[in-house]
Structures are given as C-alpha cells and as structure tokens.
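J.: If you scroll down you'll find the structure; I have some questions about it.
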Protein chains: 2
Amino acid sequence: MPEKTNIGPLNDLMTYHLRRAQVTSFNNFTDAMAETQVTPGQFGVLTLIASNEGMSQSAVARSLGVERSTMVAVIDGLENRGLVLRKPSPTDRRSNALVLSDEGKEVYARGLELAKKSDRVTTSALNDEEAVQLVTLLRKMNSAAGV
Amino acid sequence: MPEKTNIGPLNDLMTYHLRRAQVTSFNNFTDAMAETQVTPGQFGVLTLIASNEGMSQSAVARSLGVERSTMVAVIDGLENRGLVLRKPSPTDRRSNALVLSDEGKEVYARGLELAKKSDRVTTSALNDEEAVQLVTLLRKMNSAAGV
DNA sequence: TATTGTTATACTCTATAACTATA
DNA sequence: TATAGTTATAGAGTATAACAATA
C-alpha cells in the first residue's frame, strides 16, 4: 500500500480528478477487453461504424475529436485484423464507406458487454444513483464543449 | 460546426465520457497555463513539492501514479527552468530532497490561479452545485481506486 | 534483500504539413 | 477552392529492464 502524501490543492481541482479517473477507467477497460485485444480507441471506432454503417474515415475522426490522419492507422489495424472493411463509397469516390465484417460484428458485440462490465468496475465505489449522476454531469459538460 | 453523428452505445459508457471530459479539461488547462508554460503533469509535481517540501522523486512518482523512471525527465525539465532544486536528503543519501526555488514558488502560485480559472472554463456548463457534485463523485471514485 | 535515482530503449497516441484524387 | 485519404515526420507521455549506490 503506497504511503499517503498530502496532495494539497490538487484535491480541489476538477482537472486532476478527471485525469486520475480517466487513467483508472482506461486501465479497467484494457483489462476487461483483454480477450478481444481491442483498445479503448478501437472500440470507439467499432461502435461508431456499427451505429452508422458506411460512414467515412473523416466522419469517424471528427466524431471522436481526432485528426483524420490519425484515423488511418487505426482503421489499418482493424482492417488487418479483418474486423473492418473499406468499401468504395457509392456517392463519393474520394471516401471509404466503412463497415464491420461478420467477425467485426461479433467482436464488437462481445466488446460492448465487456465495456459495460468494465464501467461497473470503474464505478464500483458509487451506488446506482451516483453513477447515473456522474455520467449525466459528464455528458452535460461534454455536450456544452461540442463533444 | 461538425455534423452530428449518432455515437450509439458510447453515450451510455462512463469510460467514453470520462475520456472526452479529460481531453477537454486538458486542453483548457494548457490554454489557461500558456503564460507559465507549465504542463498538467508539471503542475502536479510543483503542487506536490509545494505541499510537501523535501519529498523524494520516488514519492512524487508514487503519489501521481507514474514510474519513478518517468519522473527523472520531468524533474530535469523543472530543474533546468530553475523552478525546482534537487537537494541532498538529510536522512537518505540515495534520494533527492525536492524543493521549489523562489521562482518556482512564484510560478506555482500563479499557476494555481490559472488552474482554478481553467477549472471554471471546464465546468462552465454546470452550476456551482453540479460542479461540486461532479468533483465529489470523482474524488469518491478515485479514493476507492487507491488514488 | 529492497529502494533511489538513473539510463537506454521502445511503445502508444497524437498532431502538422504536404501530396493526390476527387468534389 | 475545399475535402478525403494518405504519407512522412515529430513530439508528448509513458513503461520496462538493467545498473550503481545506498539502505
């Protein structure tokens, strides 16, 4: 057990607690998803494609708040694993229509279960009402930030 | 304004909202701290040293949840800027007693103001009661995770 | 035996800038 | 002119493994 240090004013800073909570939730997520070998970032992409079949790489990138150049390697990884297919867009020859393969759909479905389980670990110190409060407040914050 | 995409089940995942909120708060922090050129990670270190004069690098690392090897470059940076001093520990010849220089104290004091201001930007969509609720819930989560 | 600080090394995630092919 | 995908490149931030000095 690590000794307790006085963290001083950090204890009153939202930024600090957000960062620590995010690191914890990221680690829980990675542990829970071990069997699928899907990272948090990849899971976001799978979810978006599952919910919006045929969307473009640029649209995925915008929706997740990253650059489209960053998305290339992510899609490459998912494509190489056979989870995502780049199909030609029927309406725009510049863009790829992203879809999940059958295996991609299976991995995504299983991943969603595991992601929910990891959420329960992350919030295990909170009762149901508190967990709902927390996600509601975060959602409100993020919506206002255009996220 | 980016087009609205259906984010599907991501909208119910704590992990997702934590990550987005953390990225937003990180960006707000970096913007607010521009005049000091202090990063979030550096600010955490400055705060810890200010609140626990003479603490060791390993203790700082443990308290922030990173490896002590990671801390070396962080302290190097702060030392090179003249904000932090590595003094010999009076009780353990292996370890450095970290203290803030006079300039370090000034930069930290100014940084704390700016960090609080950035917190207010980050939570600007929430009223005072909601902001307190949010930080309280995060603190509870983190305490339970040993953070 | 265990811990402190350090180095060497590598990995992940991300961004910027420039290119091409389309729109 | 602007956008989609791509490449090359670089910068944070982090970890692991090993080492000498000290506890």
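J.: Amide H to amide H under 5 Å from A:V84: which residues, 5+ apart in sequence or cross-chain, H placed 1.01 Å off N in plane?
T.: Answer set, sorted by chain and number: A:E79, A:S101.
J.: If you draw the axis that swings chain A onto chain B, which residue of A has its Cβ closest to it, and how far is that in whole Å?
T.: Per the Cβ-to-axis criterion, the result reads A:Q22, 2.
J.: Over 24 Å, how big is the tail of the calculated P(r) for the stretch B:13-119, in percent of all Cα pairs?
T.: Above the 24 Å cut-off, the stretch B:13-119 has 27 percent of its Cα pairs.
J.: Return the loop-located trypsin sites (Lys or Arg not before Pro) in the stretch A:58-147 (DSSP other than H, G, I, E, B) with at most 13 other Cβ atoms within 10 Å of their own Cβ; answer none if there are none.
T.: Loop-located and lightly packed - A:R93, A:R94.
J.: How far apart, in nm, are two points set 7 Å out from the Cα along the Cα-to-Cβ line at B:A109 and at A:N27?
T.: 3.6 nm
J.: Still on this structure, please answer the following. For chain A, what is the calculated [θ] at 222 nm in deg cm²/dmol (nearest 500), taking -39500 (n - 2.57) for each run of four or more DSSP H residues and dividing by its residue count?
T.: -20000 deg cm²/dmol
J.: For the stretch A:1-40, which trypsin sites (Lys or Arg not before Pro) are both in a DSSP coil and crowded by at most 15 other Cβ atoms within 10 Å?
T.: Qualifying residues, ordered by number: A:K4.
J.: When only DSSP loop residues count, what GluC sites (Glu not before Pro) in the stretch B:23-68 have their Cβ near at most 14 other Cβ atoms within 10 Å?
T.: B:E53, B:E67
J.: Using only Cα atoms, locate the centre of the stretch A:132-147 and the centre of the stretch B:92-147, then give the distance between them in Å, rounded to an integer.
T.: Cα centres, the stretch A:132-147 to the stretch B:92-147: 21 Å.
J.: Can you tell me the orientation of helix B:14-32 relative to chain B, as the angle in degrees between its alpha-carbon axis and the longest Cα principal axis, to the nearest 10?
T.: So the inclination is approximately 60 degrees.
J.: Between 0 and 90 degrees, rounded to the nearest ten: what's the tilt of helix A:68-80 against the longest Cα principal axis of chain A?
T.: Computed tilt is about 70 degrees.
J.: Probe of 1.4 angstrom, ligands and nucleic acids ignored: what's the accessible area per residue over the stretch A:11-147, in square angstrom?
T.: Averaged over the residues of the stretch A:11-147, the accessible area is 50 Å².
J.: Enumerate the amide H contacts of B:N96 below 5 Å, restricted to partners 5 or more residues apart or on another chain; note that Pro and chain-start residues carry no placed amide H.
T.: Counting only residues 5 or more places away or on other chains, the set is B:Q57.
J.: When only C-alpha pairs under 8 Å and at least 6 residues apart count, what is the relative contact order of chain B, in percent?
T.: Relative contact order of chain B: 25 percent.
The values are calculated or read from the model by the stated rules, or taken from the named source; none is laboratory data. Because the structure is predicted, anything quoted here is derived from the model rather than measured. Cβ atoms come from the backbone with ideal geometry, glycine included; neighbour counts cover every protein chain shown. Calculation scope for accessible area: heavy atoms of the full protein, side chains included, ligands and nucleic acids excluded. Shrake-Rupley method; radii C 1.70, N 1.55, O 1.52, S 1.80 Å.
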